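S.K.: Please read through the structure below; I'll follow up with questions.
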Amino acid sequence: MAYLLQQLLTDSAARAPERPAVAVGERSLSYHELDRLSNQVARALVAQGVAPGDRVGILAPKSAAAVVAVYGALKAGACYVPLDPKSPAPRLTAIMADSGIAVVLADQATAGQAVGLADSVPQLRAVVVTGPHWGRAAAAGPESEPGPRDPVVVPWDAVLAEPDEAVADGQAIDADLAYILYTSGSTGTPKGVMISHRASLTFVEWAASCTGLTEQDRVCSPAPLHFDLSVFDVFASCQATACMAVVPEMTAMFPARLAQWIERDRISVWYSVPSVLTMLVTYGNLRGFDLSGLRTIIFAGEVFPAKHLNGLMAELPHARFLNWYGPTETNVCTWYEVPAGTTGLTAPVPIGRACANTDAFAVTDAGGRVSKPGDEGELYVRGSGLMRGYWGDPAKTGRMLVGNPFQSAHDELAYRTGDLVTLDDEGNFVFLGRRDGMVKTRGYRVELGEVETALYGHPAVREAVVLPVPDELLGSRLRAFISAEGELTREEVLDHCRRRLPAYMVPDVVEFCAALPRTSTGKIDRALLAGT
Amino acid sequence: MEAVINDYISRELVQDASLLPLENTTQLLETGILDSLSLLRLVIFVQEQFGIVVDDLDLVPEHFASVDDICSYLRSVSGGKAGQASARG
């Protein structure tokens with residue numbers, strides 16, 4: 001019985017060594033190869049001084065190399081921290097400094113970028129290149145000779161020279177951290193959600209069972225590693241000895257190409273945010289392809305507009321449609337299966353009921369339990385799938401992981417999701433909205449406060465407010481209102497944001513006001529601005 | 001037409017300022033200027049600006065690799081119409 005995520009791999013490699021574990025187009029790694037390569041990565045990390053409990057960064061797009069890196073880091077006893085190669089450098093260095101990353105796993109193309117981060121992250125001492133490369137060429141590195149403070153670069157050839165036997169698991173237990181996922185933070189800096197092996201396995205075991213994954217399945221999620229949807233394809237596939245298929249980035253962008261790829265790569269289980277599916281049904285020419293092998297479609301991360309879900313279900317009437325719900329802090333905590341044959345939905349589908357070994361309940365403002373349709377309250381979650389807390393922030397952890405208000409006999413923690421819900425007639429939870437300033441865009445969490453903090457970082461910004469504008473395709477678009485001192489252009493504002501924030505957090509609309517309107521209590525009048 | 005599209009991409013879609021000024025031959029996909037989101041914004045802009053409809057099956061990498069490629073594609077579907085619109089805008 002696996003109690004550490006990497007044991008899913010060693011078990012599958014022992015059971016079915018020749019089955020494909022990761023496929024990228026025509027190429028694939030078998031479970032045996034993935035197991036051996038990740039052993040070598042683990043040994044290379046240990047040789048660089050990585051000890052159990054250390055945080056190791058992974059700076060790579062989703063690929064076979066990234067999966068080797070994930071398992072390599074775990075086998076070294078480390079906790080991995082995904083770093084999005086597309087994020088601006090200041091955000092990456094903030095995450096690396098916060099989590100104390102001294103060693104980064106990069107691929108051929110991102111190794112130079114990783115070395116470049118050392119200027120702002122003095123503790124970075126080694127960059128270990130992971131593989132296989134499979135056509136990802138090395139990016140042009142810096143021309144200058146390495147300086148005395150530059151990190152050691154361990155090339156893939158050197159990793160392959162390591163013995164490929166397993167590193168002993170040591171004293172690792174399931175409460176140890178497996179990974180830290182950074183999400184938007186309302187005070188202006190991203191916060192690290194700590195997930196243990198036990199919490200992740202609680203989700204992985206439920207997810208593999210809920211979808212009925214088998215060795216025959218080919219599973220795909222286009223979500224990058226830093227997005228918690230990737231936990232499903234990276235680990236649940238492995239639990240079931242299924243094959244994780246990586247969609248080429250260029251293919252995922254072009255809906256009809258994506259539909260063609262799903263047909264040719266015989267994808268049987270798909271997991272993504274709704275906006276990708278909306279693009280697929282709107283621009284994918286789905287009738288032109290044979291998608292009869294696509295048996296299960298899972299969506300999560302934001303509300304799926306009913307119109308587009310209707311369209312997708314009409315195009316793929318044979319498939320199961322599952323709505324999975326859960327903040328990163330809880331993995332997936334509730335789920336809903338859209339009944340087969342459903343047509344003409346006029347409202348978003350419910351978020352459903354709690355997953356196995358998880359409990360979800362909602363608390364009204366008066367402190368009672370939401371127990372019937374019409375009641376409204378905040379959703380709380382308890383169970384072994386919960387995060388351990390926020391890295392280095394016990395105060396924030398204490399505000400979000402709170403005592404279960406309905407358990408007086410002993411201490412027990414529950415996570416406050418901040419999501420307002422009600423119940424439908426069948427006892428399913430229905431999502432109503434947020435309590436705070438968090439919005440979703442393409443499934444990503446955006447704390448409006450983090451965008452506002454970035455705007456205030458510009459010397460000419462006197463006041464700034466960011467508001468969400470609902471958008472069918474994106475979930476939300478971001479509208480910034482700014483009162484500036486002196487001359488400030490929209491281009492300058494956007495350029496400033498792009499240097500500090502990931503693309504999905506950069507405002508879509510920038511409007512200038514002489515002064516921002518105030519309420520009678522002197523606060524910026526967000527409601528008035530939202531109505532303009 | 002090249003100028004209108006180059007200007008739109010430069011103003012709205014380029015995240016990395018080191019890629020500016022944008023050449024009409026700059027590889028929009030390899031450099032990551034176009035991703036799934038920015039591609040869709042560009043398609044909507046092009047449709048509104050030039051009054052054409054980009055067919056599902058025309059939404060392929062070959063047509064969106066560079067500003068020049070976008071313009072040759074647009075001319076191939078609706079040369080006269082697109083030319084007029086670009087002269088106005």
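S.K.: Defining a contact as two alpha carbons under 8 Å apart and six or more residues distant in sequence, what relative contact order in percent does the stretch A:31-194 show?
M.R.: 27
S.K.: What's log10 of I(q)/I(0) for chain A at q = 0.09, 0.12, 0.13 Å⁻¹, Debye sum over Cα points only, no solvent?
M.R.: Summing over Cα pairs of chain A leads to -0.67, -1.22, -1.43.
S.K.: If you take each beta carbon of peptide B:57-63 and count the beta carbons of other chains within 10 angstrom, what is the mean? Write down the numbers at each step before the final one.
M.R.: Details: counts 6, 2, 9, 3, 5, 1, 1.
Taking all residues of B:57-63 together, the mean is 4.
S.K.: Let me ask something else. Quick one: Cα centre-to-centre distance for the stretch A:470-529 and the stretch A:423-468, in angstrom?
M.R.: 13
S.K.: Distance from the Cα centre of the stretch A:28-73 to that of the stretch A:347-363, in angstrom?
M.R.: Centre-to-centre distance over Cα atoms comes out at 35 Å.
S.K.: What FRET efficiency comes out for the pair A:Thr187/A:Asp424, r = Cβ-Cβ distance, R0 = 30 Å, nearest 0.05?
M.R.: Working: r = 36 Å, r/R0 = 1.19.
FRET efficiency, A:Thr187 to A:Asp424: 0.25.
S.K.: Continuing with this model, one more query. To one decimal place, what Kirkwood hydrodynamic radius in Å is obtained for the stretch A:243-319 from all pairs of distinct Cα atoms?
M.R.: Numbers: mean 1/r = 0.0803 Å⁻¹.
One over the average 1/r among Cα pairs gives 12.4 Å for the stretch A:243-319.
S.K.: Give the calculated FRET efficiency between A:Arg353 and A:Asn285 to the nearest 0.05, with a Förster radius of 51 Å applied to their Cβ-Cβ distance. Could you put the intermediate results ahead of the total?
M.R.: Details: r = 36 Å, r/R0 = 0.70.
That gives a FRET efficiency of 0.90.
S.K.: In addition: For the pair B:Glu48/A:Asp471, report the inter-label distance in nm, with labels modelled 7 Å from Cα in the Cβ direction.
M.R.: In this crude label model, B:Glu48 to A:Asp471 measures out at 1.1 nm.
S.K.: Still on this structure, I have one more. Kindly count the pairs of lysines across chain A whose alpha carbons are less than 27 Å apart, treating pairs on different chains or eight or more residues apart as eligible.
M.R.: Eligible lysine pairs with Cα atoms under 27 Å apart amount to 15.
S.K.: Note down, for the stretch A:386-437, the three equivalent ellipsoid semi-axes (square root of 5 times each alpha carbon gyration tensor eigenvalue), biggest first, whole angstrom.
M.R.: Calculated on Cα positions only, the semi-axes equal 24, 17, 8 Å.
S.K.: Right, here's the next one. Over what distance in Å are the Cα centres of the stretch A:169-243 and the stretch A:103-133 separated?
M.R.: So the two Cα centres are separated by 23 Å.
S.K.: By the gyration tensor of its Cα atoms, with a ≥ b ≥ c the square roots of the eigenvalues, what is the shape of the stretch A:1-51: rounded for a/c under 1.5, prolate for a/b over b/c, or oblate?
M.R.: Values: a/c = 2.66, a/b = 1.38, b/c = 1.93.
The shape class here is oblate.
S.K.: Hey, another quick one. Which value in Å does the Kirkwood hydrodynamic radius of the stretch A:1-158 take, with 1/r averaged over all unlike C-alpha pairs and then inverted?
M.R.: Numbers: mean 1/r = 0.0633 Å⁻¹.
Value: 15.8 Å, from the Cα pair sum.
S.K.: Please identify every one of the GluC sites (Glu not before Pro) in the stretch A:278-365 that sits in a loop by DSSP and has no more than 11 other beta carbons within 10 Å of its own beta carbon.
M.R.: On the way: sites: A:Glu302, A:Glu315, A:Glu329, A:Glu337; in loops: A:Glu302.
Within the stretch A:278-365, no GluC sites (Glu not before Pro) qualify (loop, at most 11 other Cβ atoms within 10 Å).
S.K.: How large is log10 of I(q)/I(0) for the stretch A:414-532 at q = 0.09, 0.16, 0.20 Å⁻¹ when the intensity is taken from the Debye formula with one equal scatterer per alpha-carbon?
M.R.: So the normalised log intensities are -0.29, -0.81, -1.14.
S.K.: Can you tell me the FRET efficiency between B:Gln27 and A:Ala409 if r is taken as the Cβ-Cβ distance and R0 is 51 Å, rounded to the nearest 0.05? Write down the numbers at each step before the final one.
M.R.: Details: r = 64 Å, r/R0 = 1.25.
It comes out at approximately 0.20.
S.K.: Could you pull out which residues in the stretch A:55-90 have an amide N less than 13 Å from a spot 7 Å beyond the Cα of A:Gln123, following the Cα-Cβ vector?
M.R.: So the set is A:55-57.
S.K.: Right, here's the next one. Could you work out the longest stretch of chain A that avoids the trypsin sites (Lys or Arg not before Pro) located in DSSP loops with at most 10 other Cβ atoms within 10 Å? Mind showing how you got there, number by number?
M.R.: Numbers: sites that count: A:Arg149, A:Lys523.
That would be A:150-522.
S.K.: Given only helices, namely DSSP H runs of n ≥ 4 each adding -39500 (n - 2.57), what is the per-residue ellipticity at 222 nm of chain A, to the nearest 500 deg cm²/dmol?
M.R.: Values: 15 runs with 141 residues, N = 532.
The per-residue figure over chain A is -7500 deg cm²/dmol.
S.K.: Tell me the mean residue ellipticity at 222 nm calculated for chain B from its helices only (DSSP H runs of n ≥ 4, each -39500 (n - 2.57), averaged over every residue, nearest 500).
M.R.: Numbers: 3 runs with 44 residues, N = 89.
Computed mean residue ellipticity for chain B: -16000 deg cm²/dmol.
S.K.: Within 10 Å of each Cβ of B:34-41, how many other protein chain Cβ atoms are there on average? Numbers along the way, then the final one.
M.R.: Details: counts 2, 7, 11, 9, 2, 4, 8, 3.
The per-residue average across the peptide is 6.
S.K.: Something else now. Can you give the extra length, in nm with one decimal, that the chain gains between A:Glu215 and A:Ala139 once fully stretched, where that is 0.36 nm per residue apart less the Cα-Cα distance? Before the final figure, lay out the partial values.
M.R.: On the way: separation 76, 0.36 × 76 = 27.36 nm, distance 3.62 nm.
That works out to 23.7 nm of additional length.
S.K.: What is the spin-label model distance, in nm, from A:Ala89 to A:Arg27 if the labels are put 7 Å beyond Cα along the C-beta direction?
M.R.: Going from the A:Ala89 label point to the A:Arg27 one covers 3.0 nm.
S.K.: Express in nm, to one decimal, how much length is gained between A:Lys372 and A:Ile173 on full extension, taking 0.36 nm for each residue of separation and deducting their alpha carbon distance.
M.R.: Working it through step by step, the gained length comes to 67.6 nm.
S.K.: Based on DSSP loop calls and a cut-off of at most 14 other Cβ atoms within 10 Å, the longest stretch of chain B free of exposed GluC sites (Glu not before Pro) is what? Please report the intermediate quantities before stating the final value.
M.R.: On the way: sites that count: B:Glu23, B:Glu30.
It runs B:31-89.
S.K.: Over the Cα atoms of the stretch B:2-88, compute the convex hull volume and normalise it per residue, giving Å³. The partial results should precede the final answer.
M.R.: Details: hull volume 7.4 nm³, N = 87.
Value for the stretch B:2-88: 85 Å³ per residue.
Rule-based calculations on the coordinates, nothing more; no lab input. Small disclaimer: the values here were computed from a predicted structure and weren't measured. No Cβ is skipped: glycine too gets one built from the backbone with ideal geometry, and neighbour counts run over all protein chains shown.
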